[in-house]
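Single-structure report; data block below.
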Amino acid sequence: MAVIKRGFQYLTPYWTFAVGAFISMLLVTATNLYVPQLIQQLIDEGIELENWNGILFATGGLLLMALIRGVFSFTNTYWSEKSSQGIAFDLRNELFIKFETLSFSFHDTHQTGQLMTRTTSDVEAVRNFFAQGLLQLISAIITFIGSIAILLLTDWRLALAVLTTVPVIIAIFFFLFTRMGPLFGKVQKLLGQLNNILQENIAGVRVVKSFTAEPFEAARYQNQNERLYKQNIEVSRYFATGFPTVFLLSNIGTLIVIWYGGNLVISDQLQLGELIAFNSYLSYLLTPIFTLGGLSQQLASATASGNRLFEILDTEIEITNPTNGIKLTHHQPGQVVFENVSFRYQGAEEDVLTNISFTAEPGDTVALIGATGSGKSSIVNLVPRFYDPTAGRITIDGHDVRDYDLDSLRQQVGSCLQEVTLRSGSIRDNIAFGKPDATFEQIVEAAKTAQAHDFIMKQPNGYDTEVGERGSGLSGGQRQRIAIARVMLVHPRIVIFDDSTSALDAETELKLKIALRPFLKKHTSIIIAQRISTVRTVQQILVLDKGRVIARGNHEELLATSPLYYDIVKSQLENDEA
Amino acid sequence: MSQKEENQQKKPKRTRTDWDVFRRLLSYITNERALLSIVFVALLMQTAGTALGPALIGQAVDQFIIVDDRAGLARTMMLLGGTYLIGYLGFMGQIFFMNMVSQRLLKKLRGDIFAHVQKLSMGYFFKHGTGDLMSRLVNDTGAIGTLMGQQLIQSLGSVFGLVAVLIAMFTQNVQLSIVTILVIPIMVILTWQFSIRSRAAYKESREALGKLSADLEEDLSTIKEAQSFAVTEEVINHFRRDNAHNRDANIRAAGITAAFAPLMDVLSTLATVLVAGYGGYLAIFGDGTVTVGLVVAFLSYAQQFFRPVQLLSNLYTTMQAAFAAGDRVFDLLDAEPDIVDRAQAQTINTADGYVQFKDVVFGYTEEKIILNNVSLDVQPGQMIAFVGETGSGKSTFVNLLGRFYDINAGSLTLDGIDVRDLTLTSLRQQIGEVPQNSFLFSDTIANNLRYGRRDATQSEVEAAAQAAMAHDFIMELPDGYETVLTSGAGSISQGQRQLLCIARAILADPRILILDEATSNIDTRTERLVQQAIDNLLKNRTAFVIAHRLSTIRHASQIVVIGDGGILEQGNHEQLVTAGGYYAGLIKAQTLD
């Protein structure tokens, strides 16, 4: 309930629409309840008494009610849509901003799909509750209580006779809804598994075909298909018994009314029109029960969704911008110093980095080498504050990175990553990602440095060629070069190459190296590499093992002092020497 | 691709009319005749129950309550009870059996599509992306299911109900009946007008939502990039605009729907008023044929009459969606696989592995020829390494060998037999593959390894894993060989995935091996394991390697440099280095530094 209460706060900016919708709903309900009264008058005072004026009065009233109901049910629907869309809009914005500002440690543990679901389905579930659920709930309760009251006032004996069916109907509904929820869940799960088989089959079509596993795949799919079918039939058994039974019970109510009520009319204890009106009110009882049943689901899912949303909105952002942070500018030297830095990922039990210290001087390159998991990427991620160290500190030109304005820090620390996700749009837009106002000349220059210009010019529309979803249509090496061009365009003070040339062929890698040389001479750079050939000329190589720097020096020194380095060199010579 | 061509591709011309699609969908349920006749009978019972009810109540009021006949009332009420019971049974049967029919239809449709997808050739998958195919199977069958299930039966029931009410009305009083249905033409015109407007509005809101989700997905998957370039503010502003557009489109669409329902409500009340007014007038001033009971009965008919009319107007939207979906599904089902067994195709049991490409011409599309008159002789047990730039056609040779595509001209033989004269299954059983992306299924490790040989024993599986240097790390996993792999990254590293793919190929024990080397980087120590595993794998087999590592290439029997539609250089390492061409340049670039 705390969730719903919090949800209400989102309604406040739209309270005029919400109140308007609420009043409209009350008026609609009132006219609905009044209609059987008019029909009763029509019959009792009009038709039965053969009173023409009575008929005119009642029918006129009916039409007026319909018009009023029409206008207000329009305003009810429209205004509640307006307010609920407003809520959804605000919630989505708030979530999105939160996602964009949450630190890497959050995104490490949350997949894009999950975040998508939060922003779409979960917001929609909350919106639905505020758009329809809430008002329907109130309307259902008013209609239900109002109908019962009118029934009792019209004839309490008849009312009591009829109302015996109501608890049974409610009990059946309760049973159905508690049973069906889990059953539907099971259907959804089976369907998900079925689609998963399909998705893998298509994604791995090459493997399926080359191992001639088509019959096996078909059998696997058919098997799951059959399970889904059986579960669906199971669900429909509940449907098929539940809903007709409810209708039967409500029909029995009508039967009781007409039979018992008919006898009351015969013994002149009840008017005929009253009997007919009574029957109408009876049908009003059923709809709210239906609605309430459906709403309990809607409420449950809105609560669950709301909980998930608020959990995210309440997640603390670890990396925050300091107030009055120092602006890091391009005119500074850009000396990077690690002072006894240790780091562990949130929730992890062991440090990934222990006591790392080194200095990267302006114009110098520091190379990191070591096995997967030795902590190379963790080191470079600390510089632009994707994570903050658990102990020790990192300084740029003498100031702790945590004292710099976050945006200026990240603008001056450019990272070329190994795994590159491009966005749909033109190649030009992709290169200009970090500097949307760059001129075309600047973009071409950056692409030339990154050895991307030639292959871009070979694309059908050159720089305006659209790349598909996540850069599909480009090879891994081409994507990596675009990523490098992206960083070159921003022209950061400090640049990080996180294994960012792994997919390049040797020739291109060499050309890139030559093209980058003038830039690297003037800037600070940290480079992670797998290949000895990449780091051989670097003056300061750090050899990492299990999060510690176990050796440092240049290539020749390390060959002499570090057995691990020697080992790596030897294995690469065996493999790659030529 | 020009803008115009692109548009044409996005909106393929429909070759089937709605009626064709509907008939074909119906053909899926017509073999459920027994079930359908039960549904039909049940629906009749249900309709009888709902239609007779008001008539009996009217009769009770007219003939018994007004004239104080308690016994007659009791008889009618017993009859009413019976009617309700019949309606109840009908309702129950209808729901259950119709659901069964539609679930069977869905099951069959899904099964058919999946089975057909298995037959389609690689060219089809190349042309249509994973997303497109997935959406046909998941969303389109869903849309069809919605129509061919409760929606269809409800509509049929509505028609039945409509007919029943019409019959009941007209047999009792023609004048009153005509008055009741007077508003129908107005309703039809209004519904039609509204559906045009709302379709446009909903299309807009769907597109707005589509754009929002597409952008959202992209934004969310590039959050780290946005943060690292400090451009989150721009991204947020862009999202805000999408979001606002979506909100406004939804509100507009809702405005139209919000107006439609009340208008219909007013019209159906108008019908009630007309019935009451005219009926009341006839009851008072008429010749006595119109009684109070009759008017009461007509009042309830009027209400029953308009519910089905509204239901039917909803049907139109569902039908449109389902027919569009059906059209796409049938497109898929009608796509002929272009690579099939020839009539006289023979089976090959264990090939020697002698492969010959002779004057082969091939292109994935007709406009762009990738291989032009290319010949290549591969002796059993040889290892061929393909080298060349991305897109030069390195993988084309192996695609042709497994008949994933057919050559345009020339000949391609295995052990002297044209590959097109072999059955696809027996041909592909000769060939094993280690894919570049290290694709594995979300299943246990053991099942993944068995993929090419389902009946392998546990010890055979372990032997293969050992040969692939994978046994040790598998045993370190909590569930060993029974560890379930999750899709995407996660539980095991990329290098380990590669080892598993190698083990899978070793267990399948093919005569010919295709190795598409992974480009993603693995650390040196794992790489050494991979190298050793590959050496084990290649032993005694004819092998085709799409090579990225010099170490692999160096040991090849033949190195084939591909480019410009053909073979640029061919020979072993020493020969090519001496020749001083492209390959020699490559070697120089990698060693000089």
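In the set (1) facing chain A (nearest Cβ under 9 Å); (2) hydrophobic (A, V, I, L, M, F, W, C); (3) under 25 Å from A:LEU228 (Cβ atoms), B:ALA143 fails one condition alone, (1). If you filter segment A:363-374 down to residues that are touching a helix residue (DSSP H, G or I) at 6+ places or on another chain (Cβ under 8 Å) and at pLDDT below 90, you find that the one that is farthest from the other protein chains (Cβ to nearest Cβ) is A:GLY363. For segment B:208-240, the set of residues classified as aliphatic (A, V, I, L, M), within 24 Å of A:ASP407 (Cα to Cα) and in a helix (DSSP H, G or I) consists of B:LEU216, B:LEU220, B:ILE223, B:ALA226, B:VAL235, B:ILE236, listed by residue number. Just one of the listed residues (A:PHE247, A:PHE239, A:PHE211, A:PHE243) is within 30 Å of B:LEU401 (Cα to Cα) and either of a type outside the set (Lys, Arg) or at the interface with chain B (Cβ under 7 Å from one of its Cβ atoms) (or both), namely A:PHE211. The set of residues in segment A:422-464 being over 13 Å from A:ALA485 (Cα atoms), polar (S, T, N, Q) and touching a Phe, Trp or Tyr at 6+ places or on another chain (Cβ under 8 Å) consists of A:SER426 alone. Does A:ALA159 satisfy the condition of being more than 30 Å from B:GLY452 (Cβ to Cβ), more than 46 Å from the chain's Cα centre (by Cα) and of a type in the set (Gly, Ala, Ser)? So A:ALA159 passes the test.
Condition check ((1) more than 14 Å from every other protein chain (Cβ to nearest Cβ); (2) more than 29 Å from A:ILE514 (Cβ to Cβ); (3) not hydroxyl-bearing (Ser, Thr, Tyr)) across all residues:
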site: A:SER424; (1), (2), (3): no, yes, no
site: A:ASP429; (1), (2), (3): no, no, yes
site: A:PRO436; (1), (2), (3): no, yes, yes
site: A:ALA450; (1), (2), (3): yes, no, yes
site: A:HIS453; (1), (2), (3): yes, no, yes
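Residues in segment B:388-444 that are closer than 28 Å to B:ALA345 by Cα, small (Gly, Ala, Ser) and within 9 Å of another protein chain (Cβ to nearest Cβ): B:GLY402, B:SER426, B:GLY432. Segment B:294-398 holds strands (runs of 3 or more DSSP E) entirely within its bounds, and those carrying 3 or more residues that are touching a Leu at 6+ places or on another chain (Cβ under 9 Å) map to B:355-362, B:383-387. Of the residues in segment A:225-248, not one is of a type in the set (Asp, Glu), within 42 Å of the chain's Cα centre (by Cα), in the same structural domain as A:ALA125 (by TED's automatic domain parsing) and part of a helix (DSSP H, G or I). Of the residues A:GLY306, A:GLY262, A:GLY294, the single one that is within 12 Å of chain B (Cβ to nearest Cβ) and in a helix (DSSP H, G or I) is A:GLY262.
Criterion first (surrounded by fewer than 17 Cβ atoms within 10 Å (Cβ to Cβ) and modelled with pLDDT under 85) does B:GLY82 satisfy it? Criteria not met by B:GLY82. Would you confirm whether any residue within segment B:390-403 is out of contact with any strand residue (DSSP E or B) (no Cβ under 6 Å at 6 or more places or on another chain), over 24 Å from B:SER551 (Cα atoms) and of a type in the set (D, E, K, R)? Yes, because at least one residue in segment B:390-403 is out of contact with any strand residue (DSSP E or B) (no Cβ under 6 Å at 6 or more places or on another chain), over 24 Å from B:SER551 (Cα atoms) and of a type in the set (D, E, K, R). Filtering segment B:257-275 to residues that are buried (at least 19 other Cβ atoms within 10 Å of the Cβ) and among the polar types (S, T, N, Q) leaves B:SER268, B:THR269, B:THR272.
If the condition is being over 16 Å from A:ARG206 (Cβ atoms) and touching a Ser or Thr at 6+ places or on another chain (Cβ under 7 Å), then segment B:501-515 contributes only B:ARG511.
Please pick out the residue among A:VAL205, A:VAL235, A:VAL265 that is touching a helix residue (DSSP H, G or I) at 6+ places or on another chain (Cβ under 6 Å) and under 26 Å from A:GLY293 (Cα atoms). Don't jump to the end; show me each part of the working.
Details: A:VAL205 fails: under 26 Å from A:GLY293 (Cα atoms); A:VAL265 fails: under 26 Å from A:GLY293 (Cα atoms).
When all the criteria are applied, what remains is A:VAL235.
Entry remark, segment B:545-593: residues being of a type in the set (D, E, K, R), at pLDDT 80 or above and surrounded by fewer than 15 Cβ atoms within 10 Å (Cβ to Cβ) number 1 in total.
Of the numbered criteria (1) within 29 Å of the chain's Cα centre (by Cα); (2) surrounded by fewer than 18 Cβ atoms within 10 Å (Cβ to Cβ), the one A:LEU382 fails is (2).
For the criterion of being among the polar types (S, T, N, Q), more than 9 Å from every other protein chain (Cβ to nearest Cβ) and assigned to a helix (DSSP H, G or I), B:SER205 passes. Please work out if B:ALA254 is at the interface with another protein chain (Cβ under 9 Å from one of its Cβ atoms), touching an Asp or Glu at 6+ places or on another chain (Cβ under 9 Å) and surrounded by fewer than 21 Cβ atoms within 10 Å (Cβ to Cβ). The answer is no for B:ALA254.
I'd like to know if segment A:165-178 contains one or more residues that are surrounded by 13 or more Cβ atoms within 10 Å (Cβ to Cβ) and among the small types (Gly, Ala, Ser). For segment A:165-178, residues surrounded by 13 or more Cβ atoms within 10 Å (Cβ to Cβ) and among the small types (Gly, Ala, Ser): absent.
Checked against the criterion of being in contact (Cβ under 8 Å) with a residue 40 or more places away in the chain, within 10 Å of chain B (Cβ to nearest Cβ) and surrounded by 18 or more Cβ atoms within 10 Å (Cβ to Cβ), the candidates A:ILE541, A:ILE496, A:ILE526 yield just one match: A:ILE496.
Whenever a residue of segment B:268-297 is facing another protein chain (nearest Cβ under 7 Å), its partners that are among the acidic types (Asp, Glu) and part of a helix (DSSP H, G or I), lying with C-beta atoms within less than 9 angstrom and at least six residues away or across chains, give the pairs B:VAL292/B:ASP62; B:VAL296/B:ASP62.
In the set B:ALA214, B:ALA164, B:ALA200, only one residue is away from chain A (no Cβ under 14 Å) and under 31 Å from the mean Cα position of the chain (by Cα); that residue is B:ALA200.
So if I check each of B:PHE194, B:PHE160, which one is over 27 Å from A:MET25 (Cβ atoms), touching a Leu at 6+ places or on another chain (Cβ under 9 Å) and part of a helix (DSSP H, G or I)? Even if it seems obvious, please write down each step before you answer.
On the way: B:PHE194 fails: over 27 Å from A:MET25 (Cβ atoms).
After ruling out the rest, the residue left standing is B:PHE160.
Scan segment B:133-157 for residues that are over 19 Å from B:ILE95 (Cα atoms) and in contact with a Leu (Cβ under 8 Å, 6 or more places away or on another chain) and jot them down. Answer for segment B:133-157, where residues must be over 19 Å from B:ILE95 (Cα atoms) and in contact with a Leu (Cβ under 8 Å, 6 or more places away or on another chain): B:LEU133, B:MET134, B:ARG136, B:LEU137, B:VAL138, B:THR141.
Across segment A:375-420, the number of residues qualifying as among the small types (Gly, Ala, Ser), assigned to a helix (DSSP H, G or I) and at pLDDT 90 or above comes to 1. The residue pairs whose first member lies in segment A:36-48 and is assigned by TED's automatic domain parsing to the domain that holds A:SER147, whose second member is among the acidic types (Asp, Glu), and whose beta carbons are closer than 9 Å, counting only pairs six or more residues apart or on different chains, are A:GLN40/A:GLU274; A:ILE43/A:GLU274; A:ASP44/A:GLU274. Of the conditions (1) modelled with pLDDT of 85 or more; (2) over 30 Å from A:GLN224 (Cβ atoms), B:GLY161 satisfies every one except a single condition; which number is it? B:GLY161 satisfies all of (1) modelled with pLDDT of 85 or more; (2) over 30 Å from A:GLN224 (Cβ atoms) except (1).
The values are calculated or read from the model by the stated rules, or taken from the named source; none is laboratory data. Computed from a predicted structure; not experimentally measured. So basically every Cβ, Gly included, is an ideal-geometry build from the backbone, and we count neighbours across all protein chains shown.
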